[in-house]
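Peer 1: Below you will find the structure I want to go over with you.
The values are calculated or read from the model by the stated rules, or taken from the named source; none is laboratory data. What you see is a predicted model, and the numbers here were worked out from it, not measured in a lab. FYI the Cβ positions are ideal-geometry reconstructions off the backbone, even for glycines, and counts take in every protein chain you see.
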Amino acid sequence: MSTFSTFRFASKRAIVRVDFNVPLDKQSNKVLDDKRILAAIPTLKHILNAGGSVVLLSHFGRPKNGPEPQYSLLQIKDKISEVLKVPVQFAADCIGQESMQLSAALKPGQVLLLENIRFYKEESQGDMAFAEKLAKHGDCYVNDAFGAAHRSHASTTQIANFFPDAKMAGLLMQAEIENAQKVLHTAKKPFTAIVGGAKISDKVLIVEHLLNIADHIIIGGGMAYTFFKAMGGQIGNSLCEDDRLETCKDILQRAAAIGVQIHLPQDAIVADQFSQNANTRIDDSNLIENNWMGLDIGPMACASFKQVILKSKTILWNGPMGVFEMPAFEQGTKTIAQAVAQATKFGAFSLIGGGDSAAAIQQFDLSNQVSYVSTGGGALLEYFEGKTLPGIAALSN
């Protein structure tokens, strides 16, 4: 693997795998959130300033049947150009003759965006022949798409085979890895992991791995109610995965045995339907009546969780405390976000784990008050589960 900071990009065409899978307004097709584009700018600027040119590869959405207009990267070309402050050319195909001609003609300082690589099923299949065609667009390969690093796709993994001496991680990828490793391997104590979201099945592996390194694990969101039911609680119509009850019991037993404190929400904001306009009240989380469901953590849980967070020196947060997209059920997640920001101000290192957590920290305008906000939800999860991410491994093989 080459080193990005020392690689000589002068007169080289750099293929840069980015994650520009950004949300669009359905009416205007304008980019609603450009943070993934902004995150890649330092890498792109470095290459251009060093006298190289850039060929951008990205996926966009989940097209099922080849090219689909609503998944065309043409919709974000102008936003990339605006943020990068450089004109961006566009190729209406990623491996067609036109795209090859455009990339071959690139001059230093120029940028070419190729059409959505997922318009070809060979991308997600990790097809080597497809990867070889993509590789013809450049002289070196830079992977800066941490959000797709857990996918063994042609553009994230196989393409690296064609650049044995010229493949490297971009600045964003490096920052993601460094910040994750800071939590995994050099976390200052006490280390608190905050894990939320709907299902324990989505987070069981990360919770099990965190048992080995965390001092405190705060559990919120829908997944908390499977724990309460496992302990014999009454959870009404709250989310529950009955096939994970034994898993929850095992996690609680293991945590107790090794001295890791599991914090579950004492109380909950419960509703009589899944709606912003539902009737609500506060119940103990293990005493929720039938026909009521927990949609946020309650005030006692907010207060106790905040106390734990403010005493922490390292904080990992992955997953909301409730249905924060609805104002009626945002307070728990907002309280956690504010507490993490406050702890960071007091000197704690805080890593926000992408996905809904990143959306929440941005919704509450606290992105600049935490240590690092990851661009990779699923990728960061798998990294903390102890898995080898194929997109990273491919750069060193």
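Peer 1: Does the range 161-183 contain at least one residue that is of a type in the set (Lys, Arg) and farther than 24 Å from Leu112 by Cβ? Don't jump to the end; show me each part of the working.
Peer 2: In the first step, residues of the range 161-183 are kept if they are of a type in the set (Lys, Arg); the result is 167, 182.
From what's left, farther than 24 Å from Leu112 by Cβ: 182.
Yes - at least one qualifying residue is present in the range 161-183.
Peer 1: Output yes when any residue across the range 361-378 is of a type in the set (Val, Ile, Thr) and at pLDDT 95 or above, and no when none is.
Peer 2: The answer is yes; a qualifying residue exists.
Peer 1: In the range 109-127, what count of residues is obtained for those that are in contact with a helix residue (DSSP H, G or I) (Cβ under 8 Å, 6 or more places away or on another chain) and surrounded by fewer than 16 Cβ atoms within 10 Å (Cβ to Cβ)?
Peer 2: Going residue by residue through the range 109-127, those that are in contact with a helix residue (DSSP H, G or I) (Cβ under 8 Å, 6 or more places away or on another chain) are 109, 111-120, 122-124, 126-127.
Imposing the further condition that a residue be surrounded by fewer than 16 Cβ atoms within 10 Å (Cβ to Cβ) reduces the set to 109.
Going through the range 109-127 one residue at a time, the tally reaches 1.
Peer 1: Filter the range 73-85 for residues that are of a type outside the set (Lys, Arg), more than 21 Å from Gln125 (Cβ to Cβ) and without any contact (Cβ under 8 Å) to a residue 60 or more places away in the chain and give the result.
Peer 2: Leu74, Gln75, Ile76, Asp78, Ser81, Glu82, Val83, Leu84
Peer 1: If you check Ala149, Ala193, Ala166, Ala160, which single one turns out to be within 28 Å of Ala360 (Cα to Cα), touching a residue at least 60 places away in the same chain (Cβ under 8 Å), of a type in the set (Gly, Ala, Ser) and not assigned by TED's automatic domain parsing to the domain that holds Ile258?
Peer 2: Ala149 is the lone residue from the list that is within 28 Å of Ala360 (Cα to Cα), touching a residue at least 60 places away in the same chain (Cβ under 8 Å), of a type in the set (Gly, Ala, Ser) and not assigned by TED's automatic domain parsing to the domain that holds Ile258.
Peer 1: Restricting the search to the range 370-388, which residues are among the polar types (S, T, N, Q) and touching a Ser or Thr at 6+ places or on another chain (Cβ under 6 Å)?
Peer 2: Ser371
Peer 1: From the set of residues in the range 243-290 that are surrounded by fewer than 17 Cβ atoms within 10 Å (Cβ to Cβ) and among the basic types (Lys, Arg), which is nearest to Phe191 (Cα to Cα)?
Peer 2: Restricting to residues being surrounded by fewer than 17 Cβ atoms within 10 Å (Cβ to Cβ) and among the basic types (Lys, Arg), the top hit is Arg254.
Peer 1: Let me ask something else about it. Name the residue, out of Asn290, Asn279, that is without any contact (Cβ under 8 Å) to a residue 60 or more places away in the chain and touching a strand residue (DSSP E or B) at 6+ places or on another chain (Cβ under 7 Å).
Peer 2: Sole residue among the options that is without any contact (Cβ under 8 Å) to a residue 60 or more places away in the chain and touching a strand residue (DSSP E or B) at 6+ places or on another chain (Cβ under 7 Å): Asn279.
Peer 1: If I ask for residues that are outside any helix (DSSP H, G or I) and either under 23 Å from Lys311 (Cβ atoms) or touching a Lys or Arg at 6+ places or on another chain (Cβ under 8 Å) (or both), which ones from the range 357-369 would you list?
Peer 2: Initially, the range 357-369 is screened for residues outside any helix (DSSP H, G or I), giving 364-366.
Once the filter is applied, which keeps residues that are outside any helix (DSSP H, G or I) and either under 23 Å from Lys311 (Cβ atoms) or touching a Lys or Arg at 6+ places or on another chain (Cβ under 8 Å) (or both), the range 357-369 yields Phe364, Leu366.
Peer 1: Suppose the filter is within 21 Å of Ile47 (Cα to Cα) and in contact (Cβ under 8 Å) with a residue 24 or more places away in the chain; does Ser124 pass it?
Peer 2: No; evaluated as a whole, the condition is false for this residue.
Peer 1: I'm trying to understand the selection: among the residues of the range 216-235, which are in contact with a strand residue (DSSP E or B) (Cβ under 7 Å, 6 or more places away or on another chain) and closer than 20 Å to Ser357 by Cβ?
Peer 2: If the condition is that a residue be in contact with a strand residue (DSSP E or B) (Cβ under 7 Å, 6 or more places away or on another chain) and closer than 20 Å to Ser357 by Cβ, then His216, Ile217, Ile218, Ile219, Gly220, Tyr225, Phe227 are the ones that fit.
Peer 1: Please work out which residue is nearest to Gly197 (Cα to Cα), limiting yourself to the range 321-356 and to residues that are in a helix (DSSP H, G or I) and in contact (Cβ under 8 Å) with a residue 60 or more places away in the chain.
Peer 2: Residue satisfying both the conditions and the ranking: Asp356.
Peer 1: Would you mind stating whether Phe227 is in contact (Cβ under 8 Å) with a residue 12 or more places away in the chain, of a type in the set (Phe, Trp, Tyr), surrounded by fewer than 14 Cβ atoms within 10 Å (Cβ to Cβ) and in the same structural domain as Pro327 (by TED's automatic domain parsing)?
Peer 2: It is false that Phe227 is in contact (Cβ under 8 Å) with a residue 12 or more places away in the chain, of a type in the set (Phe, Trp, Tyr), surrounded by fewer than 14 Cβ atoms within 10 Å (Cβ to Cβ) and in the same structural domain as Pro327 (by TED's automatic domain parsing).
Peer 1: Which of the residues that make up the range 44-65 are over 26 Å from the mean Cα position of the chain (by Cα) and touching a residue at least 12 places away in the same chain (Cβ under 8 Å)?
Peer 2: The answer is Leu48, Ala50, Gly51, Gly52, Ser53.
Peer 1: Report whether or not Leu32 is among the aliphatic types (A, V, I, L, M), at pLDDT below 95, surrounded by fewer than 13 Cβ atoms within 10 Å (Cβ to Cβ) and at negative phi.
Peer 2: yes
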